[in-house]
Amino acid sequence: MDLLRQRYDVIIVGTGVAGLNCALNLPRDKRVLVICKSKITDCDSYLAQGGICRLRDDGDYDSYYEDTMRAGHYENNPAAVESMIKGSQEVIGDLVNLGVEFAREEDGSFAYTKEGGHSVPRICYHEDSTGKEITTTLLAAVKRLENVVFAEKVTMLDIIEDDNCCYGIVALDNASGEVYDVLADYTVLATGGLGGAFGNTTNFGILKGDALAICINRGVAVDRINYIQVHPTSLYCKKRGRRFLISESVRGEGAYLLDKNFNRFTDELKPRDVVKDAVFAQMKKDGTKFVWLDMRHIPAEEIVAHFPAIVQRCREEGYDVFTECIPVVPAIHYFMGGIRSDLKGRTTMTRLYAVGETCCNGVHGKNRLASNSLLESLLFAKRAAEDIACGYSRADAEGEARAVGKLDAAKYSQPKKLLAKYKNQVRKAVRAAAEGKDINVNYKEN
Ligand SMILES: Cc1cc2nc3c(=O)[nH]c(=O)nc-3n(C[C@H](O)[C@H](O)[C@H](O)COP(=O)(O)OP(=O)(O)OC[C@H]3O[C@@H](n4cnc5c(N)ncnc54)[C@H](O)[C@@H]3O)c2cc1C
(Lines give C-alpha, C1' and ligand atoms only; values in the text may rest on other atoms or scores of the structure.)
Protein backbone atom coordinates (compact mmCIF):
# COMPACT_ATOMS: atom_id res chain seq x y z
CA MET A 1 0.00 0.00 0.00
CA ASP A 2 1.65 3.21 -1.18
CA LEU A 3 0.25 5.27 1.68
CA LEU A 4 2.25 3.16 4.11
CA ARG A 5 5.53 3.71 2.29
CA GLN A 6 5.62 7.41 3.15
CA ARG A 7 6.77 9.43 6.13
CA TYR A 8 4.22 11.64 7.94
CA ASP A 9 4.22 14.49 10.37
CA VAL A 10 1.50 12.87 12.46
CA ILE A 11 0.01 9.38 12.45
CA ILE A 12 -3.39 8.94 14.09
CA VAL A 13 -4.49 5.41 14.87
CA GLY A 14 -8.29 5.30 14.98
CA THR A 15 -11.21 6.87 13.11
CA GLY A 16 -13.65 7.41 15.97
CA VAL A 17 -14.52 10.85 17.30
CA ALA A 18 -11.16 11.12 19.08
CA GLY A 19 -9.03 10.37 16.02
CA LEU A 20 -11.15 12.52 13.71
CA ASN A 21 -11.29 15.54 16.01
CA CYS A 22 -7.55 15.36 16.49
CA ALA A 23 -7.01 15.33 12.71
CA LEU A 24 -9.42 18.22 12.26
CA ASN A 25 -7.55 20.39 14.75
CA LEU A 26 -4.00 19.79 13.55
CA PRO A 27 -2.37 22.54 11.47
CA ARG A 28 -3.15 22.31 7.76
CA ASP A 29 0.55 22.31 6.86
CA LYS A 30 1.12 18.96 8.62
CA ARG A 31 0.81 15.73 6.64
CA VAL A 32 -1.40 13.40 8.59
CA LEU A 33 -2.13 9.68 8.13
CA VAL A 34 -5.22 8.26 9.83
CA ILE A 35 -5.51 4.48 9.95
CA CYS A 36 -8.15 2.07 11.20
CA LYS A 37 -8.26 -1.65 11.70
CA SER A 38 -11.40 -2.34 9.72
CA LYS A 39 -13.80 -0.05 7.84
CA ILE A 40 -13.72 3.62 8.86
CA THR A 41 -17.21 3.32 10.30
CA ASP A 42 -16.44 0.22 12.40
CA CYS A 43 -15.87 2.07 15.63
CA ASP A 44 -17.87 2.61 18.78
CA SER A 45 -18.30 6.29 18.05
CA TYR A 46 -20.89 5.40 15.42
CA LEU A 47 -22.85 3.36 17.95
CA ALA A 48 -23.32 6.05 20.58
CA GLN A 49 -27.02 6.49 21.13
CA GLY A 50 -27.91 8.56 24.16
CA GLY A 51 -26.05 11.80 23.52
CA ILE A 52 -23.35 14.16 24.67
CA CYS A 53 -23.30 16.24 27.84
CA ARG A 54 -23.25 20.01 27.80
CA LEU A 55 -22.96 22.42 30.69
CA ARG A 56 -26.35 24.11 30.42
CA ASP A 57 -25.25 27.40 31.99
CA ASP A 58 -22.95 28.63 34.74
CA GLY A 59 -25.55 27.71 37.35
CA ASP A 60 -25.29 24.05 36.29
CA TYR A 61 -21.55 23.79 36.99
CA ASP A 62 -21.62 22.57 40.61
CA SER A 63 -24.35 20.05 39.92
CA TYR A 64 -22.65 18.65 36.78
CA TYR A 65 -19.32 18.45 38.62
CA GLU A 66 -20.88 16.66 41.58
CA ASP A 67 -22.82 14.22 39.35
CA THR A 68 -19.61 13.28 37.51
CA MET A 69 -17.64 12.83 40.74
CA ARG A 70 -20.39 10.89 42.50
CA ALA A 71 -20.78 8.50 39.55
CA GLY A 72 -16.98 8.05 39.54
CA HIS A 73 -16.91 7.28 43.28
CA TYR A 74 -14.84 10.44 43.77
CA GLU A 75 -11.83 8.68 42.22
CA ASN A 76 -11.94 11.16 39.31
CA ASN A 77 -9.10 13.55 38.54
CA PRO A 78 -10.70 16.88 39.59
CA ALA A 79 -8.66 18.91 37.09
CA ALA A 80 -9.81 16.68 34.23
CA VAL A 81 -13.45 16.93 35.30
CA GLU A 82 -13.23 20.71 35.55
CA SER A 83 -11.57 20.95 32.17
CA MET A 84 -14.16 18.67 30.52
CA ILE A 85 -17.15 20.49 31.94
CA LYS A 86 -15.77 23.94 31.15
CA GLY A 87 -14.89 22.79 27.62
CA SER A 88 -18.29 21.24 26.89
CA GLN A 89 -19.90 24.33 25.37
CA GLU A 90 -16.86 24.79 23.12
CA VAL A 91 -17.13 21.19 21.91
CA ILE A 92 -20.87 21.39 21.20
CA GLY A 93 -20.33 24.77 19.53
CA ASP A 94 -17.64 23.26 17.26
CA LEU A 95 -20.00 20.43 16.32
CA VAL A 96 -22.89 22.75 15.56
CA ASN A 97 -20.60 24.88 13.39
CA LEU A 98 -19.64 21.77 11.44
CA GLY A 99 -23.32 21.01 10.83
CA VAL A 100 -24.22 18.49 13.55
CA GLU A 101 -27.96 18.66 14.20
CA PHE A 102 -29.04 18.29 17.80
CA ALA A 103 -32.67 18.06 18.92
CA ARG A 104 -34.09 21.53 19.61
CA GLU A 105 -36.97 23.02 21.53
CA GLU A 106 -39.53 25.09 19.66
CA ASP A 107 -37.64 28.29 20.53
CA GLY A 108 -34.47 26.89 18.93
CA SER A 109 -32.62 26.18 22.18
CA PHE A 110 -31.11 22.75 22.79
CA ALA A 111 -33.53 20.03 23.88
CA TYR A 112 -31.88 18.10 26.69
CA THR A 113 -32.46 14.52 27.75
CA LYS A 114 -31.51 12.80 30.99
CA GLU A 115 -29.68 9.61 31.89
CA GLY A 116 -28.75 7.77 35.07
CA GLY A 117 -26.69 9.72 37.59
CA HIS A 118 -27.63 13.16 36.20
CA SER A 119 -29.51 15.51 38.53
CA VAL A 120 -30.94 17.48 35.61
CA PRO A 121 -31.37 16.93 31.86
CA ARG A 122 -28.13 18.21 30.24
CA ILE A 123 -27.57 15.79 27.37
CA CYS A 124 -27.76 16.99 23.78
CA TYR A 125 -28.94 14.30 21.37
CA HIS A 126 -29.87 13.46 17.82
CA GLU A 127 -32.67 10.88 18.03
CA ASP A 128 -31.00 7.71 19.34
CA SER A 129 -28.09 7.95 16.91
CA THR A 130 -26.08 10.86 18.28
CA GLY A 131 -22.76 9.11 17.64
CA LYS A 132 -23.55 8.50 13.99
CA GLU A 133 -24.63 12.10 13.47
CA ILE A 134 -21.45 13.46 15.07
CA THR A 135 -19.02 11.00 13.54
CA THR A 136 -20.45 11.23 10.03
CA THR A 137 -20.22 15.01 10.15
CA LEU A 138 -16.66 14.97 11.51
CA LEU A 139 -15.58 12.43 8.91
CA ALA A 140 -16.96 14.54 6.08
CA ALA A 141 -15.06 17.55 7.44
CA VAL A 142 -11.77 15.66 7.76
CA LYS A 143 -12.17 14.15 4.29
CA ARG A 144 -12.29 17.67 2.89
CA LEU A 145 -8.79 18.37 4.25
CA GLU A 146 -6.00 18.06 1.72
CA ASN A 147 -3.36 17.37 4.37
CA VAL A 148 -5.06 14.24 5.75
CA VAL A 149 -5.12 10.78 4.17
CA PHE A 150 -6.97 7.69 5.38
CA ALA A 151 -5.81 4.08 5.22
CA GLU A 152 -8.59 1.60 6.03
CA LYS A 153 -8.06 -2.01 7.06
CA VAL A 154 -4.59 -1.28 8.35
CA THR A 155 -3.69 -2.63 11.78
CA MET A 156 -1.09 -1.13 14.10
CA LEU A 157 1.04 -4.03 15.31
CA ASP A 158 3.51 -2.02 17.36
CA ILE A 159 4.99 1.39 17.94
CA ILE A 160 8.50 2.23 16.80
CA GLU A 161 10.47 3.57 19.75
CA ASP A 162 13.90 4.16 21.15
CA ASP A 163 14.90 5.59 24.49
CA ASN A 164 11.27 6.27 25.43
CA CYS A 165 10.59 8.31 22.30
CA CYS A 166 8.05 7.24 19.65
CA TYR A 167 8.94 7.50 15.95
CA GLY A 168 5.87 5.93 14.34
CA ILE A 169 4.17 2.58 14.02
CA VAL A 170 4.55 -0.89 12.58
CA ALA A 171 1.48 -1.32 10.38
CA LEU A 172 -0.10 -4.34 8.74
CA ASP A 173 -1.96 -3.99 5.47
CA ASN A 174 -4.72 -6.49 6.28
CA ALA A 175 -5.43 -7.22 2.63
CA SER A 176 -1.93 -7.99 1.38
CA GLY A 177 -0.43 -9.17 4.67
CA GLU A 178 2.51 -6.83 4.13
CA VAL A 179 4.03 -5.10 7.14
CA TYR A 180 5.41 -1.55 7.00
CA ASP A 181 7.46 0.70 9.27
CA VAL A 182 5.63 4.02 9.04
CA LEU A 183 7.57 6.92 10.52
CA ALA A 184 6.18 10.15 11.89
CA ASP A 185 7.16 13.00 14.17
CA TYR A 186 4.14 12.32 16.38
CA THR A 187 1.88 9.32 16.92
CA VAL A 188 -1.61 9.61 18.39
CA LEU A 189 -3.36 6.51 19.72
CA ALA A 190 -7.14 6.89 19.40
CA THR A 191 -7.87 3.19 19.45
CA GLY A 192 -11.02 3.06 21.60
CA GLY A 193 -12.03 0.47 24.18
CA LEU A 194 -11.36 -3.21 24.78
CA GLY A 195 -14.75 -4.93 25.02
CA GLY A 196 -13.81 -7.15 22.06
CA ALA A 197 -11.17 -8.86 24.19
CA PHE A 198 -13.86 -10.17 26.50
CA GLY A 199 -17.06 -10.86 24.52
CA ASN A 200 -20.60 -10.15 25.80
CA THR A 201 -20.02 -6.54 24.85
CA THR A 202 -21.72 -3.61 23.18
CA ASN A 203 -18.37 -2.75 21.54
CA PHE A 204 -17.17 -3.66 18.06
CA GLY A 205 -15.40 -7.03 18.28
CA ILE A 206 -12.24 -5.60 16.67
CA LEU A 207 -11.67 -3.34 19.67
CA LYS A 208 -9.54 -5.59 21.82
CA GLY A 209 -7.11 -3.18 23.45
CA ASP A 210 -4.17 -3.74 21.02
CA ALA A 211 -2.72 -0.35 21.88
CA LEU A 212 -2.95 -1.09 25.57
CA ALA A 213 -0.91 -4.29 25.17
CA ILE A 214 1.61 -2.51 22.95
CA CYS A 215 2.03 0.29 25.48
CA ILE A 216 2.45 -2.10 28.39
CA ASN A 217 5.08 -4.03 26.44
CA ARG A 218 6.90 -0.85 25.50
CA GLY A 219 6.95 0.56 29.02
CA VAL A 220 4.35 3.29 28.50
CA ALA A 221 2.43 3.80 31.74
CA VAL A 222 -1.18 2.64 31.98
CA ASP A 223 -3.69 3.29 34.74
CA ARG A 224 -6.79 1.72 36.32
CA ILE A 225 -7.09 -0.90 33.62
CA ASN A 226 -9.50 -3.01 35.64
CA TYR A 227 -12.04 -0.17 35.59
CA ILE A 228 -14.39 -1.52 32.95
CA GLN A 229 -18.00 -0.39 32.90
CA VAL A 230 -20.78 -2.91 32.45
CA HIS A 231 -23.92 -1.30 31.03
CA PRO A 232 -27.13 -2.45 32.73
CA THR A 233 -29.28 -2.75 29.62
CA SER A 234 -28.32 -4.47 26.39
CA LEU A 235 -31.02 -6.32 24.47
CA TYR A 236 -31.03 -9.96 25.55
CA CYS A 237 -30.27 -12.20 22.60
CA LYS A 238 -29.31 -15.85 22.28
CA LYS A 239 -27.22 -15.21 19.17
CA ARG A 240 -23.48 -14.58 19.43
CA GLY A 241 -22.00 -11.24 18.44
CA ARG A 242 -22.14 -7.64 19.50
CA ARG A 243 -24.80 -6.80 22.07
CA PHE A 244 -27.30 -4.14 21.05
CA LEU A 245 -27.48 -1.34 23.59
CA ILE A 246 -30.75 -0.03 24.93
CA SER A 247 -29.71 3.50 25.75
CA GLU A 248 -29.93 4.76 29.29
CA SER A 249 -31.89 7.73 27.98
CA VAL A 250 -34.80 5.31 27.50
CA ARG A 251 -34.83 5.04 31.29
CA GLY A 252 -34.14 8.77 31.43
CA GLU A 253 -37.39 9.29 29.55
CA GLY A 254 -39.25 7.08 32.04
CA ALA A 255 -38.82 3.38 31.18
CA TYR A 256 -39.02 0.89 34.09
CA LEU A 257 -36.93 -2.14 34.93
CA LEU A 258 -39.15 -5.05 35.98
CA ASP A 259 -38.50 -8.46 37.56
CA LYS A 260 -40.00 -11.75 36.38
CA ASN A 261 -43.31 -10.84 37.99
CA PHE A 262 -43.29 -7.46 36.24
CA ASN A 263 -42.63 -5.48 39.43
CA ARG A 264 -40.12 -2.63 39.62
CA PHE A 265 -37.09 -3.54 41.71
CA THR A 266 -34.69 -0.58 41.57
CA ASP A 267 -34.31 3.15 40.97
CA GLU A 268 -33.64 3.12 37.23
CA LEU A 269 -31.79 6.44 37.28
CA LYS A 270 -28.99 5.64 39.68
CA PRO A 271 -25.46 5.58 38.16
CA ARG A 272 -24.74 2.64 35.86
CA ASP A 273 -22.75 0.49 38.25
CA VAL A 274 -25.50 0.67 40.87
CA VAL A 275 -28.24 -0.26 38.38
CA LYS A 276 -26.08 -3.03 36.89
CA ASP A 277 -25.57 -4.59 40.34
CA ALA A 278 -29.31 -4.39 41.00
CA VAL A 279 -30.06 -6.12 37.68
CA PHE A 280 -27.58 -8.93 38.35
CA ALA A 281 -28.95 -9.38 41.88
CA GLN A 282 -32.51 -9.57 40.56
CA MET A 283 -31.57 -12.08 37.85
CA LYS A 284 -29.94 -14.24 40.50
CA LYS A 285 -32.95 -13.99 42.81
CA ASP A 286 -35.40 -14.77 40.00
CA GLY A 287 -33.22 -17.41 38.36
CA THR A 288 -33.58 -15.62 35.00
CA LYS A 289 -31.20 -14.69 32.21
CA PHE A 290 -32.61 -11.18 31.85
CA VAL A 291 -34.93 -8.62 33.39
CA TRP A 292 -37.66 -6.68 31.57
CA LEU A 293 -37.57 -3.11 30.33
CA ASP A 294 -40.98 -1.49 30.06
CA MET A 295 -41.52 1.49 27.75
CA ARG A 296 -45.26 0.98 27.27
CA HIS A 297 -46.34 3.93 29.42
CA ILE A 298 -44.14 6.43 27.52
CA PRO A 299 -46.21 8.25 24.87
CA ALA A 300 -45.75 6.43 21.56
CA GLU A 301 -45.00 9.63 19.63
CA GLU A 302 -42.17 10.38 22.07
CA ILE A 303 -40.68 6.92 21.57
CA VAL A 304 -40.94 7.16 17.80
CA ALA A 305 -39.32 10.60 17.70
CA HIS A 306 -36.51 9.94 20.18
CA PHE A 307 -35.69 6.24 19.76
CA PRO A 308 -36.36 5.18 16.14
CA ALA A 309 -33.29 2.92 15.88
CA ILE A 310 -34.12 1.12 19.13
CA VAL A 311 -37.73 0.61 18.04
CA GLN A 312 -36.54 -0.75 14.71
CA ARG A 313 -33.94 -3.11 16.18
CA CYS A 314 -36.38 -4.46 18.75
CA ARG A 315 -38.90 -5.07 15.96
CA GLU A 316 -36.24 -7.01 14.03
CA GLU A 317 -35.69 -9.15 17.12
CA GLY A 318 -39.45 -9.77 17.43
CA TYR A 319 -40.42 -7.22 20.12
CA ASP A 320 -42.97 -4.45 19.84
CA VAL A 321 -41.87 -1.87 22.42
CA PHE A 322 -45.30 -0.18 22.31
CA THR A 323 -47.20 -3.22 23.52
CA GLU A 324 -44.70 -5.47 25.30
CA CYS A 325 -41.67 -5.39 27.60
CA ILE A 326 -38.25 -6.20 26.14
CA PRO A 327 -35.66 -8.48 27.80
CA VAL A 328 -32.42 -6.74 28.81
CA VAL A 329 -29.17 -7.91 30.35
CA PRO A 330 -25.91 -6.19 31.40
CA ALA A 331 -22.97 -6.17 28.94
CA ILE A 332 -19.37 -4.93 28.95
CA HIS A 333 -19.50 -1.40 27.62
CA TYR A 334 -16.81 1.12 28.44
CA PHE A 335 -13.16 1.34 29.51
CA MET A 336 -12.51 3.95 32.18
CA GLY A 337 -8.84 2.96 32.55
CA GLY A 338 -6.21 3.02 29.83
CA ILE A 339 -2.98 4.51 28.63
CA ARG A 340 -1.96 7.19 31.10
CA SER A 341 -2.33 10.64 29.60
CA ASP A 342 -2.37 14.19 30.82
CA LEU A 343 -4.95 16.80 29.88
CA LYS A 344 -3.15 17.39 26.58
CA GLY A 345 -3.15 13.71 25.65
CA ARG A 346 0.56 13.30 26.37
CA THR A 347 1.59 9.81 27.48
CA THR A 348 4.71 8.94 29.44
CA MET A 349 6.53 8.39 26.12
CA THR A 350 7.84 11.39 24.21
CA ARG A 351 6.02 12.08 20.88
CA LEU A 352 3.29 9.56 21.77
CA TYR A 353 -0.24 10.76 22.55
CA ALA A 354 -3.34 8.85 23.62
CA VAL A 355 -6.87 10.25 23.35
CA GLY A 356 -10.45 9.02 23.61
CA GLU A 357 -11.51 5.82 25.29
CA THR A 358 -8.07 4.22 25.05
CA CYS A 359 -6.52 6.79 27.36
CA CYS A 360 -6.95 7.40 31.05
CA ASN A 361 -6.66 10.93 32.34
CA GLY A 362 -8.85 10.05 35.30
CA VAL A 363 -11.85 12.07 34.17
CA HIS A 364 -14.32 9.22 34.75
CA GLY A 365 -12.95 7.88 38.02
CA LYS A 366 -14.23 4.40 38.77
CA ASN A 367 -17.45 4.67 36.80
CA ARG A 368 -18.28 6.95 33.86
CA LEU A 369 -21.28 9.24 34.11
CA ALA A 370 -23.56 8.68 31.10
CA SER A 371 -22.78 10.72 27.97
CA ASN A 372 -19.48 12.08 29.24
CA SER A 373 -17.51 9.90 26.86
CA LEU A 374 -18.11 11.51 23.47
CA LEU A 375 -17.47 14.86 25.14
CA GLU A 376 -14.25 13.79 26.80
CA SER A 377 -12.98 12.09 23.63
CA LEU A 378 -13.66 15.16 21.48
CA LEU A 379 -12.30 17.72 23.92
CA PHE A 380 -9.02 16.08 24.88
CA ALA A 381 -8.34 15.03 21.28
CA LYS A 382 -8.62 18.69 20.30
CA ARG A 383 -6.28 19.62 23.16
CA ALA A 384 -3.78 17.00 21.97
CA ALA A 385 -3.83 18.45 18.45
CA GLU A 386 -3.27 21.93 19.87
CA ASP A 387 -0.38 20.67 21.98
CA ILE A 388 1.28 18.98 19.01
CA ALA A 389 0.87 22.16 16.96
CA CYS A 390 2.18 24.35 19.72
CA GLY A 391 5.37 22.43 20.48
CA TYR A 392 5.98 20.97 17.03
CA SER A 393 9.49 19.79 16.29
CA ARG A 394 10.96 17.34 13.85
CA ALA A 395 11.93 13.97 15.32
CA ASP A 396 15.61 13.35 15.72
CA ALA A 397 16.93 11.48 12.66
CA GLU A 398 19.50 9.47 14.60
CA GLY A 399 16.96 8.33 17.18
CA GLU A 400 14.62 7.40 14.37
CA ALA A 401 17.29 5.30 12.70
CA ARG A 402 18.12 3.57 15.99
CA ALA A 403 14.43 2.82 16.62
CA VAL A 404 14.00 1.30 13.17
CA GLY A 405 17.24 -0.63 13.58
CA LYS A 406 15.90 -2.20 16.77
CA LEU A 407 12.81 -3.64 15.09
CA ASP A 408 12.74 -7.41 14.81
CA ALA A 409 10.90 -8.39 11.60
CA ALA A 410 10.32 -11.91 12.94
CA LYS A 411 8.04 -10.50 15.63
CA TYR A 412 5.58 -9.35 12.96
CA SER A 413 5.78 -12.34 10.63
CA GLN A 414 2.61 -13.91 12.06
CA PRO A 415 0.34 -10.92 12.72
CA LYS A 416 -2.71 -12.97 13.69
CA LYS A 417 -0.76 -14.76 16.38
CA LEU A 418 0.69 -11.49 17.62
CA LEU A 419 -2.76 -9.90 17.89
CA ALA A 420 -4.10 -12.98 19.69
CA LYS A 421 -1.19 -12.66 22.10
CA TYR A 422 -2.05 -9.01 22.71
CA LYS A 423 -5.63 -9.98 23.46
CA ASN A 424 -4.50 -12.52 26.04
CA GLN A 425 -2.10 -10.02 27.54
CA VAL A 426 -4.92 -7.51 27.92
CA ARG A 427 -7.13 -10.04 29.68
CA LYS A 428 -4.30 -11.10 31.97
CA ALA A 429 -3.26 -7.54 32.74
CA VAL A 430 -6.85 -6.56 33.59
CA ARG A 431 -7.09 -9.52 35.97
CA ALA A 432 -3.72 -8.64 37.52
CA ALA A 433 -4.78 -5.02 38.01
CA ALA A 434 -8.00 -6.19 39.67
CA GLU A 435 -5.82 -8.14 42.09
CA GLY A 436 -4.07 -4.91 42.96
CA LYS A 437 -0.87 -5.45 40.98
CA ASP A 438 0.89 -2.41 39.55
CA ILE A 439 0.88 -3.20 35.85
CA ASN A 440 3.61 -0.70 35.10
CA VAL A 441 5.98 -2.47 37.46
CA ASN A 442 4.94 -6.11 37.61
CA TYR A 443 3.80 -6.89 34.13
CA LYS A 444 5.88 -9.41 32.23
CA GLU A 445 5.47 -9.77 28.48
CA ASN A 446 4.81 -13.50 28.62
C1 LIG B 1 -23.34 1.00 21.92
C2 LIG B 1 -22.63 2.19 22.51
C3 LIG B 1 -23.35 3.32 22.84
C4 LIG B 1 -22.70 4.43 23.39
N5 LIG B 1 -23.41 5.56 23.68
C6 LIG B 1 -22.75 6.66 24.13
C7 LIG B 1 -23.44 7.88 24.34
O8 LIG B 1 -24.64 7.97 24.12
N9 LIG B 1 -22.72 8.94 24.79
C10 LIG B 1 -21.39 8.89 25.06
O11 LIG B 1 -20.81 9.90 25.49
N12 LIG B 1 -20.71 7.75 24.84
C13 LIG B 1 -21.35 6.64 24.38
N14 LIG B 1 -20.65 5.49 24.15
C15 LIG B 1 -19.19 5.50 24.32
C16 LIG B 1 -18.53 6.24 23.15
O17 LIG B 1 -19.20 5.91 21.97
C18 LIG B 1 -17.07 5.84 23.03
O19 LIG B 1 -16.43 5.89 24.26
C20 LIG B 1 -16.34 6.81 22.09
O21 LIG B 1 -17.04 6.89 20.87
C22 LIG B 1 -14.92 6.34 21.88
O23 LIG B 1 -14.38 7.03 20.78
P24 LIG B 1 -12.90 6.74 20.33
O25 LIG B 1 -12.64 7.64 19.19
O26 LIG B 1 -11.99 6.80 21.49
O27 LIG B 1 -12.90 5.20 19.87
P28 LIG B 1 -13.76 4.39 18.70
O29 LIG B 1 -14.82 5.28 18.19
O30 LIG B 1 -14.14 3.14 19.29
O31 LIG B 1 -12.66 4.21 17.58
C32 LIG B 1 -11.59 3.31 17.74
C33 LIG B 1 -10.78 3.29 16.46
O34 LIG B 1 -9.54 2.65 16.73
C35 LIG B 1 -9.21 1.78 15.65
N36 LIG B 1 -8.25 0.76 16.13
C37 LIG B 1 -8.28 0.05 17.28
N38 LIG B 1 -7.20 -0.76 17.35
C39 LIG B 1 -6.49 -0.55 16.22
C40 LIG B 1 -5.27 -1.09 15.70
N41 LIG B 1 -4.56 -2.01 16.34
N42 LIG B 1 -4.84 -0.65 14.49
C43 LIG B 1 -5.55 0.28 13.79
N44 LIG B 1 -6.69 0.84 14.25
C45 LIG B 1 -7.16 0.43 15.44
C46 LIG B 1 -10.54 1.22 15.22
O47 LIG B 1 -10.46 0.67 13.93
C48 LIG B 1 -11.41 2.48 15.32
O49 LIG B 1 -11.29 3.22 14.12
C50 LIG B 1 -21.29 4.37 23.61
C51 LIG B 1 -20.58 3.23 23.29
C52 LIG B 1 -21.24 2.13 22.74
C53 LIG B 1 -20.44 0.92 22.40
(request) Please enumerate the residues belonging to segment 245-274 that are more than 18 Å from Val321 (Cα to Cα), more than 26 Å from the chain's Cα centre (by Cα) and among the hydrophobic types (A, V, I, L, M, F, W, C). (result) Phe265
(request) For segment 388-401, indicate whether the set of residues that are more than 15 Å from the ligand (Cβ to nearest atom), polar (S, T, N, Q), out of contact with any helix residue (DSSP H, G or I) (no Cβ under 7 Å at 6 or more places or on another chain) and at pLDDT below 95 is non-empty. (result) no
(message) Contact list please: Cβ distance under 8 Å, first residue in segment 202-216 and under 24 Å from Val329 (Cα atoms) and in contact (Cβ under 8 Å) with a residue 60 or more places away in the chain, second residue assigned to a loop (DSSP other than H, G, I, E, B) and more than 9 Å from the ligand (Cβ to nearest atom), pairs at least six apart or on different chains.
(response) Asn203/Leu194; Leu207/Leu194; Lys208/Leu194; Gly209/Leu194
(message) Considering only segment 103-118, I want to know if a residue exists there that is part of a strand (DSSP E or B), within 14 Å of the ligand (Cβ to nearest atom), over 30 Å from Ala420 (Cα atoms) and not aliphatic (A, V, I, L, M).
(response) yes
(message) If a residue counts only when it is buried (at least 17 other Cβ atoms within 10 Å of the Cβ) and not assigned by TED's automatic domain parsing to the domain that holds Ala211, which helices (runs of 4 or more DSSP H) contained entirely in segment 330-446 have at least 3 such residues?
(response) none
(message) I need the full set of residues from segment 194-214 which are near the ligand (Cβ under 6 Å from one of its atoms) and closer than 15 Å to Ile228 by Cβ, in order please.
(response) Thr202, Asn203, Leu207
(message) Suppose we keep only residues that are more than 9 Å from the ligand (Cβ to nearest atom) and surrounded by fewer than 24 Cβ atoms within 10 Å (Cβ to Cβ) within segment 9-39. Which one would you say is farthest from Asn97 (Cα to Cα)?
(response) Asp9
(request) Among the candidates Ile134, Ile92, single out the residue that is at pLDDT 95 or above, under 30 Å from Ala175 (Cβ atoms) and of a type in the set (A, V, I, L, M). (result) Ile134
(message) Restricting to segment 116-162, and then to whatever is in contact with a strand residue (DSSP E or B) (Cβ under 6 Å, 6 or more places away or on another chain) and of a type in the set (D, E, K, R), can you tell me which residue is surrounded by the fewest Cβ atoms within 10 Å (Cβ to Cβ)?
(response) Asp158
(request) Report yes if Leu157 is within 15 Å of the ligand (Cβ to nearest atom) and part of a strand (DSSP E or B), otherwise no. (result) yes
(request) Check Ala184 against each of (1) more than 8 Å from the ligand (Cβ to nearest atom); (2) closer than 21 Å to Arg313 by Cβ; (3) crowded, with 24+ Cβ neighbours inside 10 Å and name the one condition it does not meet. (result) (2)
(request) Working only within segment 127-149, note down all residues that are near the ligand (Cβ under 10 Å from one of its atoms) and either in a loop (DSSP other than H, G, I, E, B) or among the aromatic types (Phe, Trp, Tyr) (or both). (result) Asp128, Ser129
(message) Within segment 183-209, take every residue that is assigned to a loop (DSSP other than H, G, I, E, B) and polar (S, T, N, Q) and give me the one that is nearest to Thr348 (Cα to Cα).
(response) Thr191
(request) Please specify each residue of segment 40-63 satisfying the condition of being surrounded by fewer than 24 Cβ atoms within 10 Å (Cβ to Cβ), within 16 Å of the ligand (Cβ to nearest atom) and in a helix (DSSP H, G or I). (result) Tyr46, Leu47
(message) So, in segment 277-329, how many residues would count as being touching a Gly at 6+ places or on another chain (Cβ under 6 Å) and either within 20 Å of Lys238 (Cβ to Cβ) or outside the structural domain of Asp259 (by TED's automatic domain parsing) (or both)?
(response) 0
(request) Can you run down the residue pairs with Cβ atoms below 8 Å, 6 or more apart or on separate chains, where the first is in segment 348-375 and of a type in the set (Lys, Arg) and the partner is within 12 Å of the ligand (Cβ to nearest atom)? (result) Arg351/Thr187; Lys366/Met336; Arg368/Gln229; Arg368/Arg272; Arg368/Tyr334; Arg368/Met336
(message) Regarding segment 169-181, can at least one residue be identified that is of a type in the set (A, V, I, L, M, F, W, C), within 16 Å of the ligand (Cβ to nearest atom) and either within 15 Å of Glu400 (Cβ to Cβ) or touching a Gly at 6+ places or on another chain (Cβ under 8 Å) (or both)?
(response) yes
(message) Go through (1) part of a loop (DSSP other than H, G, I, E, B); (2) near the ligand (Cβ under 9 Å from one of its atoms); (3) in the same structural domain as Lys423 (by TED's automatic domain parsing) for Arg242 and report which single condition fails.
(response) (3)
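The values are calculated or read from the model by the stated rules, or taken from the named source; none is laboratory data. Just so it is clear, the structure is predicted and the values come from calculations on it, not from any experiment. Quick reminder, even Gly has a Cβ in these numbers, built from the backbone with ideal geometry, and neighbours come from all protein chains shown.
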